[in-house]
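The values are calculated or read from the model by the stated rules, or taken from the named source; none is laboratory data. All values derive from a computational prediction rather than experimental measurement. Cβ: placed from backbone, ideal geometry, glycine included. Neighbour counts: every protein chain shown.
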Amino acid sequence: MNFRHQRDRCGNQRGMSMLEMMLVVGISGVVTAIAIPAGPTAVRGYKLAGHAQAISSQVSLAKMRAASSFSRARMYVDFELGTYRLEVWNKTASTWTTDGPVEQLLQPIGFGFGAAGEPPPDTQGVIAQPAPCLDAGGAAIPNSGCVMFNSRGIPIDSTGAATGANAVYLTDGTAVYATTVSATGMTQLWWTPNKVISWVRQ
């Protein structure tokens, strides 16, 4: 009797009909078709934002390292290789020493302005990457740019004069990020789409 009751109960259970199965497969296909093209673009956007945040942090770290070592420190950018690193002036050896790893930009991200022809508001007078770095002998290093700080955490140019014109720009062709440094040493991160330039502070 128990066996018959169990058999009857199992016989009343139904699986999915062919129509229901086709409906589920169709919805899954639509969701996949929407998600797949957006995937690479989203990943590229995350990579760009990650590098922009890392550069902004590196600039702030250079300011702190200059103050803590009672010397000069700079964020060194190699525009040709697509790398950036922190360097501190070694007063004893009279040379720049790398402090930490050399970071590499991921393709297709590069240093550049994209379509931006104007800097973020109330930052630079004219849009520009940082001035070339100088070697220990005072000569400009080709394809380089440096955001440098003195021991008081003030951004300075190659002559040691205070400056508020420093900025580093990154783009992947769809958006542009800018890390700007004011004359007081305040670092700000900005973003704009590449097609319609409208800077937004992050």
Next item on the list: Inspect all residues belonging to the stretch 66-77 and state whether any of them is over 16 Å from Asp157 (Cα atoms) and within 15 Å of the chain's Cα centre (by Cα).
Entry: no
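So that you can scan it fast, the table gives a plain yes or no per residue for (1) part of a strand (DSSP E or B); (2) in contact with a Gly (Cβ under 7 Å, 6 or more places away or on another chain); (3) surrounded by 14 or more Cβ atoms within 10 Å (Cβ to Cβ); (4) among the β-branched types (Val, Ile, Thr):
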{"position": "Pro142", "(1), (2), (3), (4)": "no, no, no, no"}
{"position": "Gly153", "(1), (2), (3), (4)": "no, yes, yes, no"}
{"position": "Gly160", "(1), (2), (3), (4)": "no, no, no, no"}
{"position": "Gly164", "(1), (2), (3), (4)": "no, no, yes, no"}
{"position": "Tyr169", "(1), (2), (3), (4)": "yes, yes, yes, no"}
{"position": "Tyr177", "(1), (2), (3), (4)": "yes, no, yes, no"}
{"position": "Thr180", "(1), (2), (3), (4)": "yes, no, yes, yes"}
{"position": "Ala183", "(1), (2), (3), (4)": "no, yes, no, no"}
Notebook entry, point to check: Could you give every pair whose Cβ atoms fall below 7 Å, whose first residue belongs to the stretch 69-94 and is free of Cβ contacts under 8 Å to residues at least 40 places away in the same chain, and whose second residue is part of a loop (DSSP other than H, G, I, E, B) and surrounded by 19 or more Cβ atoms within 10 Å (Cβ to Cβ), counting only separations of at least 6 or pairs across chains?
Noted result: Gly82/Leu105; Trp89/Arg72
Notebook entry, point to check: Name the pairs: first residue in the stretch 99-126 and touching a residue at least 40 places away in the same chain (Cβ under 8 Å) and closer than 15 Å to Thr179 by Cβ, second residue charged (D, E, K, R) and part of a loop (DSSP other than H, G, I, E, B), Cβ to Cβ under 7 Å, at least 6 apart or on different chains?
Noted result: Ile109/Asp172
Check: How about the stretch 61-95: which of its residues are among the β-branched types (Val, Ile, Thr) and either surrounded by 17 or more Cβ atoms within 10 Å (Cβ to Cβ) or assigned to a loop (DSSP other than H, G, I, E, B) (or both)?
Finding: Val77, Val88, Thr92
Note to self: Residue pairs, Cβ under 9 Å, 6 or more apart or interchain, first in the stretch 188-202 and farther than 11 Å from Gly114 by Cβ and of a type in the set (Lys, Arg), second modelled with pLDDT of 95 or more and not in a loop (DSSP other than H, G, I, E, B). List them.
What the structure shows: Arg201/Gln188; Arg201/Leu189; Arg201/Trp190; Arg201/Trp191
